[in-house]
Structures are given as structure tokens and as C-alpha cells.
């Protein structure tokens, strides 16, 4: 997951990992080490942190380590409408159009079967140029045809709905899970299977997804990590092995 995401980040961009940041922060760090030295981490209370190891959340003060600058939540919320180049999200549910639910599953908003954390600041989901969806679980329970509540809008119900809502940025580009990589059909904006990771088959991925992934013909295998990518990850970015825990 880290390697796939890192490869899509470009030099000179400005982006942030989000709160649940183990995989996103590793992806940003790997990109900076290998091909994007001028990629700037910012937009979440600090700029260009060097924590020395990975932490599950960027709200952990230890995750800042050394950084070039820091700010308060008031400052963060004050300028977040300017957006970023990229951001990362995941949630309780993800649907066929890349919408994300962080509020509740089942029942109603005020009487849910399960209540989620919600979201503190939604600006980045529609002001950033694009975002990535990277849940660490891929099952038919969290990949559903339609989310119970839209916390973070992806492509809503397609091009017309997105246009009517005034969502002009790219929105979700890739969905990267432990099983596969998905992207979105350029015409319909529905999620589709792009590649499968080693140890998985297209049939496996479809069986663990609650909607049709539009599998047509042969699906390629996700390009595996190179020796250099693994070495940098294990020796410089994640020496404690948090990603393999």
C-alpha cells in the first residue's frame, strides 16, 4: 500500500497525511526519499516533520519530531480552505463512487447502530486537488454500494451530481487496500479494479467488495516493491516495523 501511494506523489507538491496516518505518512516519506525531495508536508499543524519512526496518528505529539514549523488548530482551520495538492482518507464505509462514511453505520444519525468518530474538518476533501482512499481492511462490510452517511464526498452519484454540487476538483484518484488498487471510470466515476496485489485474485477482491468492480478481461498484478523501495522503508522510514505489525 505504501509503495503504490508513494509512486503517485510528485516532487514539489504540498500535501498532508491526515489523522490516521501510518500508511500515508510512510508513503509521503518514501516519496521524499526516492523521487520527490521537494514534496512539502503541511496542512496539519506542522510542516515537514522528521519523527524518526512511524506513529499510528499524526495527532500524537511524538510524530512531529523535528519540524520546520508548527501551528494551532485555529490557524489550521483558518487556512484549510486554500486546499492542498493531495490528502488521504479512510472510513467506516466506502462506496462505489468513492464517498466515505465516518459518522454512523445502521439506524439514523441520532440513533445509530454504531457511531463513528465523524470528522473535525472537511475542507480538504473538496479544496485539495485530489485525495487517496487507503483503508487497512477490505471487506464487503466496509466496501458497500452506498454509504449510510456521506461524511466525505467522493464523486457523489456520478458526474451530474458532482457537477451540481459544485465539486470541481478531481476528488478520489486511487483506492489502495491490502488486497488491490482501484481507480474510477472516467465517464461514470464508478470505482473499478485496476490491479491486484500478490496473493490475491480478481475473484477474491470482488468477493470481498459489496458492489460490482467492473472486471473486464485480465486484471494486471500490482507492480511489486523494488529492493530499493523496501530497503528505504525498512531501514530509514520504519525501522521499528510498525507497518509489518
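Below, the figures for the structure above:
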read-out: Lone qualifier among 43, 98 - being at pLDDT below 80, in contact with a strand residue (DSSP E or B) (Cβ under 9 Å, 6 or more places away or on another chain), within 23 Å of residue 2 (Cβ to Cβ) and surrounded by 19 or more Cβ atoms within 10 Å (Cβ to Cβ); value: 43
read-out: Number of the condition not met by residue 53 [criteria: (1) closer than 30 Å to residue 193 by Cβ; (2) touching a residue at least 60 places away in the same chain (Cβ under 8 Å)]; value: (1)
read-out: Qualifying residue in the range 197-212 (condition: farther than 26 Å from residue 100 by Cβ, exposed (fewer than 14 other Cβ atoms within 10 Å of the Cβ), touching a strand residue (DSSP E or B) at 6+ places or on another chain (Cβ under 8 Å) and in contact (Cβ under 8 Å) with a residue 12 or more places away in the chain); value: yes
read-out: Filter result (in contact (Cβ under 8 Å) with a residue 60 or more places away in the chain, within 14 Å of the chain's Cα centre (by Cα) and not in a helix (DSSP H, G or I)) within the range 96-138; value: 98, 128, 132, 134, 136, 138
read-out: Residues that are outside any loop (DSSP other than H, G, I, E, B) and farther than 16 Å from residue 173 by Cβ, drawn from the range 19-28; value: 20, 22, 25, 26
read-out: Residue in the range 56-77 that is over 23 Å from residue 8 (Cα atoms), touching a helix residue (DSSP H, G or I) at 6+ places or on another chain (Cβ under 7 Å) and in contact (Cβ under 8 Å) with a residue 24 or more places away in the chain present; value: no
read-out: Pick from the range 32-50, criterion touching a residue at least 40 places away in the same chain (Cβ under 8 Å) and assigned to a loop (DSSP other than H, G, I, E, B), ranking: nearest to residue 75 (Cα to Cα); value: 43
read-out: Subset of the range 157-186 that is part of a helix (DSSP H, G or I) and surrounded by 13 or more Cβ atoms within 10 Å (Cβ to Cβ) - its residue that is nearest to the chain's Cα centre (by Cα); value: 162
read-out: Residues within the range 139-149 that are in a loop (DSSP other than H, G, I, E, B), closer than 19 Å to residue 182 by Cβ and touching a strand residue (DSSP E or B) at 6+ places or on another chain (Cβ under 7 Å), tallied; value: 5
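Conditions tested, residue by residue: (1) under 20 Å from the mean Cα position of the chain (by Cα); (2) within 24 Å of residue 126 (Cβ to Cβ); (3) in a helix (DSSP H, G or I); (4) modelled with pLDDT under 95.
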residue	(1), (2), (3), (4)
5	yes, yes, yes, no
11	yes, no, no, no
17	yes, yes, no, yes
30	yes, no, yes, no
55	yes, no, no, yes
62	no, no, yes, yes
78	no, yes, yes, yes
84	yes, yes, no, yes
94	yes, yes, no, no
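The values are calculated or read from the model by the stated rules, or taken from the named source; none is laboratory data. Bear in mind that the values here come from a model prediction, so they are computed numbers and not experimental data. All Cβ positions, glycine included, derive from the backbone under ideal geometry; neighbour counts span all protein chains shown.
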